[in-house]
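Here's the structure we're looking at; comments come further down.
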Amino acid sequence: MKTEHVVVKPYNDRWPLEFAKIQTFLKKNIGYLSLRIEHVGSTAIPGLSAKPIIDIDVVISDYTNFEELKQHLFTLGYIYEGTLGIPDRHAFKYNPASSTLFLHHLYVCPLYSKELLKHLFFRDYLRQHPLACKRYGMIKQEAATLFPNDIERYIAYKKDFIISIYQQMHS
């Protein structure tokens, strides 16, 4: 699902509740094929402004049952999109109009995925560092104001901040 119009909203206490509904749905249907289901991205960080789209990483141990998982997700309405150029992070899209679940992005990552580790580190870092969280929220608002119809430029505007957080992983 490509974002057509960038909208960043203030944090909403509803986001974790909506994630919990999606998580329950996924656990019921594919839980036995996954290790855990993680709420990542900006909606997972209390107080952070975000695009109101929940990012979810379904964590698997390895690719042993990946084809079976893909098939189960397909029966749930998810279409496999591949890695989209990011190794060990498999994207799935769905038709939001045919779902009762909150708008979300779904990814499947093996436990050793560098992208998964980055998602978790970024989330946890901003949860633990309120000033960085506030700064990132301001950057996101600025980016959405400057580039409301250009998701690529919105992402590029945030890139330096995100890289600065990832650099903390190695210190």
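Things worth noting here:
- In the set 40, 58, 7, only one residue is more than 16 Å from residue 91 (Cβ to Cβ) and aliphatic (A, V, I, L, M); that residue is 7.
- For the stretch 29-46, a residue qualifies if it is assigned to a loop (DSSP other than H, G, I, E, B) and farther than 28 Å from residue 9 by Cα, and the qualifying residues are 34, 35.
- Taken together, the residues in the stretch 53-75 that are more than 30 Å from residue 10 (Cβ to Cβ), in contact with a strand residue (DSSP E or B) (Cβ under 9 Å, 6 or more places away or on another chain) and not basic (Lys, Arg) amount to 8.
- Of all the criteria given as (1) of a type in the set (Val, Ile, Thr); (2) surrounded by fewer than 17 Cβ atoms within 10 Å (Cβ to Cβ); (3) closer than 15 Å to residue 38 by Cα, the one not satisfied by residue 86 is (3).
- Filtered by the rule that a residue be surrounded by 14 or more Cβ atoms within 10 Å (Cβ to Cβ) and either free of Cβ contacts under 8 Å to residues at least 24 places away in the same chain or closer than 18 Å to residue 124 by Cα (or both), the stretch 43-55 gives 43, 44, 45, 48, 49, 50, 54, 55.
- Set side by side, the residues 7, 58, 40 differ, and just one is surrounded by 19 or more Cβ atoms within 10 Å (Cβ to Cβ) and touching a residue at least 60 places away in the same chain (Cβ under 8 Å), which is 40.
- Applying a threshold of 6 Å to beta carbon distances and a minimum spacing of six or more residues, or different chains, the list of pairs starting in the stretch 11-30 at a residue that is under 27 Å from residue 134 (Cβ atoms) and ending at one that is in a helix (DSSP H, G or I) reads 15/43.
- Set side by side, the residues 81, 142 differ, and just one is surrounded by fewer than 16 Cβ atoms within 10 Å (Cβ to Cβ) and farther than 18 Å from residue 51 by Cα, which is 81.
- Qualifying residue in the stretch 94-108 (condition: closer than 30 Å to residue 149 by Cα, surrounded by 16 or more Cβ atoms within 10 Å (Cβ to Cβ) and among the hydroxyl-bearing types (Ser, Thr, Tyr)): yes
- Any chance residue 30 is within 30 Å of residue 148 (Cβ to Cβ), buried (at least 17 other Cβ atoms within 10 Å of the Cβ) and of a type in the set (A, V, I, L, M): no
Values quoted throughout were computed directly from the atomic coordinates according to the rules given, and no laboratory measurement underlies them. This structure is a prediction, so every number in the text was calculated from the model and none was measured. Here Cβ is always computed from backbone atoms with ideal geometry, including for glycine, and neighbour counts include all displayed protein chains.
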